[in-house]
Every structure is written in C-alpha cells, then in structure tokens.
Amino acid sequence: MYLKYKLIGIKENFNLKHIVIDEAQDFGEFQFYVLNEILNNNKSMTILGDIAQGIYSYKGIRDWTRINEVVFKGEAIIENMNRSYRTTIEIMNEANKVIEPIKNELNINLAIPISRHGESIVNVNTNTLQEEINYIKNRINELLDKDVKNIAVICKNIEKCHDIYTELKKQKQNIELITENVFKYSGGITVIPVHLSKGLEFDSVIITDYDSYDESILEKQLLYVACTRAMHTLDIIR
C-alpha cells in the first residue's frame, strides 16, 4: 500500500471523521506510519492497545511514546487506562506476577483490578499427559455442576490442543477446538491455543503447561494473555 501510495497515489477519497484502531499493540511502527500518511495526517484518531498482551514480538509495539514521536510528531495524547474490569482480584494478581518482571521493558503499569474477589487460583502438578487429562475432565465436570457456562482449556500450542480435545470429545459432545483454520467460538467448552485466545473471555480457564513458558518477553506476554481470559476461576496445570 505504501509503494502504491508513493508511486501512483491513492485515488480513493477517504471521507472519515474519526478512526478507531483496536488491539493496536499488534501493529508495527510502519503500519501506523503508512496509515497516517495515506489518511493525510488525520487528526481525529483513537488507538487502543495493551502492550502486555502483544503476541507478535517481531512487529508489535513496545513503547507508545515512541509511536507518538515517530509517527504523530509528538502531537498525540497518551492516556493510561490501568483499571481491569474483567477478572477477579485473585486472577489479576496472578496475571500481574507474570508480567511484573518485564513491565519496565514494555514501559507499562500493572493493571489494577476492581474490588471483586473470587475463588483462589488452583495450582495442580501432573506428571503425565493422562494425569493432566483426567484432571481437566474432572474439573470441567465440577464446573458444569456449578452451572458454569463457558470454559476454556488454553494450551501453549496446537498439538497439545489436539491431544486434549481428542480425549475430551470422547465423553463430551458440546466441545469446540479452535484453530487457525477453524475459528468459531459460540460458548460452552473450548480448547484453544494461547495465541488465538486474545480478545476472548471465559467464565473459567484451565491453563496447561504453565511452567513451560520461558522468561522471554513474548512468552511472558502469551502467559499473561492466557491468565486474563478468565473472569471468575483460573486453574493452572504445571
């Protein structure tokens, strides 16, 4: 688009009064620059994004101040919205433990949860895949008995998702596997890789392979995303 703009121009007339960009932490500097150029430096723009939830280390934003200086010539106003309304205090505190070690590198403040307490975080150690699957089955049954509607099993990779989905499907009919090719979320029980869970929320979340996430910024961000998908209960399988 940038090359087209520079070589032959953009004939379309964008009659826009205001532009809103969501999940903007996953855009790159160049994308913001091109958009601003093509839209003729439109002065009315809202850019929303949580850097802590960035999932593209090779192109995502690390510093809003730099975007302001490089793209918008320092004319943008940066507002920090630190209050979290989705999760309980217990879940947000757990998520903040994940992101706290890299908050200075990302130039962010930790989220502050609203005053809503819930159940304690459940930590489980399993030694084999079968033990892990047995725990997940039992926990899902327990949550369903409590009339929990939307439950997600969040895995680090798609291979693990397939393993767990195959076993759960043997005894549960209403279960969905979300992949790059099949992205359909309609509630109920869902098995999903962490990088596809961003933007979704669930009553209860079960995170597998918790201790396999390393200390890199990207994997800390992915684990933070997994934790903050939960609204009411969070189970961690180590």
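One line per residue, one yes/no per condition, for (1) more than 23 Å from Glu219 (Cα to Cα); (2) of a type outside the set (Gly, Ala, Ser); (3) in contact with a strand residue (DSSP E or B) (Cβ under 7 Å, 6 or more places away or on another chain):
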position: Phe32; (1), (2), (3): yes, yes, no
position: Leu35; (1), (2), (3): yes, yes, no
position: Ile47; (1), (2), (3): yes, yes, yes
position: Gln53; (1), (2), (3): no, yes, no
position: Ile91; (1), (2), (3): no, yes, yes
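Pairing each residue of the range 68-89 that is among the small types (Gly, Ala, Ser) with any residue that is surrounded by 16 or more Cβ atoms within 10 Å (Cβ to Cβ), provided the two are 6+ apart or on different chains, yields C-beta distances under 7 Å for Gly74/Asn68; Ala76/Asn68; Ser84/Met92; Ser84/Ala111; Ser84/Pro113.
For the range 65-105, the tally of residues that are among the aromatic types (Phe, Trp, Tyr) and either farther than 18 Å from Phe27 by Cα or not in a loop (DSSP other than H, G, I, E, B) (or both) stands at 1.
A single entry from Leu143, Leu234 fulfils the requirement of being within 22 Å of Arg86 (Cα to Cα), assigned to a helix (DSSP H, G or I) and open to solvent by less than 10 Å² (accessible area, probe 1.4 Å): Leu143. Mind checking whether some residue in the range 79-95 is among the acidic types (Asp, Glu) and farther than 25 Å from Val194 by Cα? Checked the range 79-95: at least one residue is among the acidic types (Asp, Glu) and farther than 25 Å from Val194 by Cα.
Every residue, every condition in (1) closer than 18 Å to Ala111 by Cα; (2) surrounded by 13 or more Cβ atoms within 10 Å (Cβ to Cβ), yes or no:
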site	(1), (2)
Ser44	no, no
Trp64	yes, yes
Val71	no, yes
Asn80	yes, no
Ser84	yes, yes
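Only helices (runs of 4 or more DSSP H) whose full extent lies in the range 157-231 are considered here, and the ones with at least 3 residues that are of a type outside the set (A, V, I, L, M, F, W, C) are 158-169, 217-227.
If you go through the range 18-38 and keep only what is surrounded by fewer than 14 Cβ atoms within 10 Å (Cβ to Cβ) and modelled with pLDDT of 90 or more, you end up with Val20, Asp22, Phe30.
Whether a residue is part of a helix (DSSP H, G or I), surrounded by fewer than 15 Cβ atoms within 10 Å (Cβ to Cβ), more than 16 Å from the chain's Cα centre (by Cα) and modelled with pLDDT under 90 was assessed, and Tyr5 passes this test.
Residues of the range 109-140 that are over 16 Å from Tyr210 (Cα atoms), without any contact (Cβ under 8 Å) to a residue 60 or more places away in the chain and open to solvent by 30 Å² or more (accessible area, probe 1.4 Å): Asn109, Leu110, Ile112, Ile114, Ser115, Arg116, His117, Ser120, Gln130, Asn134, Lys137, Asn138. Answer yes if at least one residue in the range 207-214 is touching a residue at least 40 places away in the same chain (Cβ under 8 Å), out of contact with any strand residue (DSSP E or B) (no Cβ under 8 Å at 6 or more places or on another chain) and either of a type in the set (Gly, Ala, Ser) or farther than 27 Å from Arg116 by Cα (or both), and no otherwise. Yes, the range 207-214 contains at least one residue that is touching a residue at least 40 places away in the same chain (Cβ under 8 Å), out of contact with any strand residue (DSSP E or B) (no Cβ under 8 Å at 6 or more places or on another chain) and either of a type in the set (Gly, Ala, Ser) or farther than 27 Å from Arg116 by Cα (or both).
Here's the yes/no breakdown for (1) aliphatic (A, V, I, L, M); (2) modelled with pLDDT of 90 or more; (3) surrounded by 12 or more Cβ atoms within 10 Å (Cβ to Cβ):
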| position | (1), (2), (3) |
| --- | --- |
| Leu16 | yes, no, no |
| Asn40 | no, no, no |
| Thr87 | no, yes, yes |
| Glu90 | no, yes, yes |
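Taking the listed residues Val153, Val191, the one that is among the aliphatic types (A, V, I, L, M), in contact with a His (Cβ under 9 Å, 6 or more places away or on another chain), at pLDDT 95 or above and buried (at least 16 other Cβ atoms within 10 Å of the Cβ) is Val191, with no other qualifying.
The values are calculated or read from the model by the stated rules, or taken from the named source; none is laboratory data. Computed from a predicted model, the values in this text were never measured in an experiment. Methodologically, a virtual Cβ is constructed for each residue, glycine included, from the backbone with ideal geometry; neighbour enumeration extends over all protein chains shown. Note: accessible area is taken over every heavy atom of the protein model, side chains too, but ligands, DNA and RNA are not part of it. Shrake-Rupley method; radii C 1.70, N 1.55, O 1.52, S 1.80 Å.
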